[in-house]
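Visitor: Right, I'll just put the structure down here and ask away after.
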Amino acid sequence: MTTRRWRNESRADWDGRCCWTSEPGLIGEAALRNPVGGAEPHRRQLLRLVAAGEARNVTIQALPFVGAGPGVDGPFVLLETAEHELLVYEEGHETGRLYADPDKVSAIVQRHAMILRQALSPEESARFILKLAEEL
């Protein structure tokens with residue numbers, strides 16, 4: 001079973017007891033500007049992001065183009081178990097990996113902190129995403 005399929009099936013049955021993240025959803029400017037599916041579907045996706053970010057339990061932050069910054073190694077998710085163990089899930093093109101090794105997790109937590117310092121605030125991000133939607 002592929003990682004994506006497992007993740008999607010697991011999410012459908014998820015009861016919230018396994019693990020969670022309180023970290024913001026960081027989205028790179030390149031992803032925000034890439035009109036997958038055409039201009040109109042992309043505009044709707046951008047507006048949906050802004051609407052999702054209005055929920056009290058959702059934080060979305062845009063990461064402007066910064067060149068070769070700390071996020072170039074690819075996407076990852078920081079997770080914390082009910083026992084307060086920190087985990088990292090990294091996803092690649094063909095595979096995903098879950099890390100529990102404290103040294104690996106620490107390095108990625110530090111990378112995440114550097115990325116957060118470069119990201120727009122949630123309010124600035126909403127304005128930025130709305131501006132991109134208006135440009136379509």
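Visitor: Can you tell me which condition VAL105 does not meet? The list is (1) at pLDDT 90 or above; (2) surrounded by fewer than 17 Cβ atoms within 10 Å (Cβ to Cβ), and all the others hold.
Guide: (2) is the only condition that VAL105 fails.
Visitor: Right, here's the next one. Out of (1) over 17 Å from the mean Cα position of the chain (by Cα); (2) at positive phi, the odd one out for GLY74 is which?
Guide: Going through (1) over 17 Å from the mean Cα position of the chain (by Cα); (2) at positive phi one by one, GLY74 breaks only (1).
Visitor: Another one. For PHE65, which of the numbered conditions (1) within 18 Å of PHE128 (Cβ to Cβ); (2) at pLDDT below 75 fails to hold?
Guide: That leaves (2) as the condition not met.
Visitor: Examine segment 88-101 for a residue that is within 13 Å of the chain's Cα centre (by Cα) and open to solvent by 50 Å² or more (accessible area, probe 1.4 Å), and state whether such a residue exists. Spell out the reasoning first.
Guide: Taking segment 88-101 as the starting set, the residues that turn out to be within 13 Å of the chain's Cα centre (by Cα) are 88-91.
Filter once more, so that each one left must be open to solvent by 50 Å² or more (accessible area, probe 1.4 Å): none.
Checked against the condition, which is being within 13 Å of the chain's Cα centre (by Cα) and open to solvent by 50 Å² or more (accessible area, probe 1.4 Å), segment 88-101 yields no hits at all.
Visitor: Residue check: is LEU116 open to solvent by 50 Å² or more (accessible area, probe 1.4 Å) and touching a helix residue (DSSP H, G or I) at 6+ places or on another chain (Cβ under 8 Å)?
Guide: On the way: open to solvent by 50 Å² or more (accessible area, probe 1.4 Å): yes; touching a helix residue (DSSP H, G or I) at 6+ places or on another chain (Cβ under 8 Å): no.
Here the answer is no, as LEU116 does not meet what is asked.
The values are calculated or read from the model by the stated rules, or taken from the named source; none is laboratory data. For clarity, every value in this text was computed on a predicted model and none was experimentally measured. Counting neighbours? That spans all protein chains shown, and the Cβs are built from the backbone with ideal geometry, glycine included. Note: areas computed on protein heavy atoms with side chains; ligands, DNA, RNA excluded. Shrake-Rupley method; radii C 1.70, N 1.55, O 1.52, S 1.80 Å.
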